[in-house]
1. What does the charge count around A:Thr17 come to, taking other residues whose C-beta lies under 12 Å from its C-beta (Lys +1, Arg +1, Asp -1, Glu -1)?
2. Please list log₁₀ I(q)/I(0) at q = 0.08 Å⁻¹ for chain A, using the Debye equation with identical point scatterers on the alpha-carbon positions.
3. Given contacts defined as C-alpha pairs under 8 Å and at least six residues apart, what's the relative contact order of chain A, whole-number percent?
4. Let's test the formula: R0 of 25 Å, r as the Cβ-Cβ distance of B:Leu76 and A:Ala166. What FRET efficiency results, to the nearest 0.05?
5. Please compute the net charge surrounding A:Ser69, taking Lys and Arg as +1 and Asp and Glu as -1 over other residues with Cβ under 13 Å from its Cβ.
6. Along the charge dipole of the protein assembly as shown, pointing to its positive end and built from +1/-1 on Cβ of Lys, Arg, Asp and Glu, which listed residue (B:Pro36, A:Tyr115, B:Leu76) has its Cα farthest out?
7. Helix check for chain A. Which DSSP H runs span at least 20 Å along their own axis by Cα, with a mean Kyte-Doolittle hydropathy no less than -1.0?
8. Please state, as a whole number in µm²/s, the translational diffusion coefficient that the Stokes-Einstein equation yields for the stretch B:20-82 at 10 °C and 1.306 mPa s, with Rh defined as the Kirkwood radius across alpha carbon pairs.
Amino acid sequence: MARIIVVTSGKGGVGKTTTSAAIAMGLAKRGHKTAVIDFDVGLRNLDLIMGCERRVVYDFVNVINGEASLNQALIRDKNCNLLYILPASQTRDKDALTLEGVGRILEELSKDFQYIVCDSPAGIEKGAYLALYYADDAFVVTNPEVSSVRDSDRMLGILASKSRRAERNEEPVKEYLLLTRYDPSRVKSGEMLGLDDVQDILSLQLLGIIPESKSVLTASNSGIPVILDEKSEAGQAYEDVVARYLGEDRPHRFIEDKKGFFRKLFGGKS
Amino acid sequence: MSLLDYFRKSKPKSAAIAKERLQILVAHERTARNRPSYLPQLQKELLDVIRKYVNVDQDAISVNFEQDENQETLELNIVLPDYQQENKSVNM
Ligand SMILES: Nc1ncnc2c1ncn2[C@@H]1O[C@H](COP(=O)(O)OP(=O)(O)O)[C@@H](O)[C@H]1O
Ligand SMILES: [Mg+2]
């Protein structure tokens, strides 16, 4: 049986797709057969972040409609042979995904995979609902910023009331916080909400803090999940996230402002 | 006042303001989402019952749902029409 993870946030542009790609790669690298699914119907993007956009033949909707088999649609990652990508459809029909169809595909995948990562679209509409409905675990991706924290709290409400686990009165979806695009120097100067501020409001189990980092853009430019950039802080932070999720106890990093004295003195930008 | 004090005593930091606003808003939204969905219907039916006895306005009745850590309260407030000078109100 696979563990189903939804990467969700409510708000758009906070780092869900970046996170989905990174943690799926991290899990697969550690020997777990993993599938990552793009739920953003009409706005396929995960394929670009994973660098497999030119190998997309069939998509999620084709499989649901029986126009292709799962094996035909799944793309094996070029860097890791335990990782598979199921791309989103580019159709503009918002009803192309159905609850029943998604359930069928997840069940089929569950037989063969250990982890299934669902990259949720933004919003609280149908797409986001379908991505979270079957989840066992939720990675709530939040930026230290008012509207993102508020939207995360709303997603928590939806997870607690609308997920399959909630409907069936089963053990609730396990919720984790991923605080991304964190800038310790701006937190220190009081311009940005800090970890403690966000936790005072959300109080979730913290999987990790992903610092704002240029390497994220470099990684997406080249279609390589940032976790493979072992020198980058964001890559290391995602590596920690995967380790913690799998039960390892690692101290949190990238919380402190570690800018050099001289850069601070002369107001250097990161 | 030293130069250092001048920099320290500057305006409240925007992150602190953000946090305070969020705390208020999120608390409010959490109560709203836990509010039972039968409230509007309950309000309407209560109004019908009360109107059998007293002629009150549509907005003379308010139903409030409150929740804290250990209890949920349903507060019902009916303002009776103004026969005499002062308002009579029934609290349940
Ligand atoms: N830790 C980070 N540091 C810098 N940029 C980031 C970081 N995380 C995400 N981004 C950038 O933010 C944008 C939105 O990220 P994305 O993962 O597509 O968000 P979402 O899927 O939530 O819409 C992208 O341009 C991405 O490169
Ligand atoms: Mg996305």
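Every number in this text was worked out from the coordinates using simple rules, so none of it is lab data. Everything numeric in this text was worked out from a predicted model, so none of it was measured. Note that each Cβ is placed from the backbone with ideal geometry, even for glycine, and that neighbours are counted across all protein chains shown.
1. Working: positive: A:Lys16, A:Arg44; negative: A:Asp38, A:Asp40, A:Asp47, A:Asp119.
Net local charge, A:Thr17 excluded: -2.
2. These q points yield log10 I(q)/I(0) values of -0.31.
3. 24
4. On the way: r = 30 Å, r/R0 = 1.18.
About 0.25, to the nearest 0.05.
5. Computed value for this residue: -3.
6. Selected residue: A:Tyr115.
7. A:146-162
8. The Stokes-Einstein estimate is 118 µm²/s.
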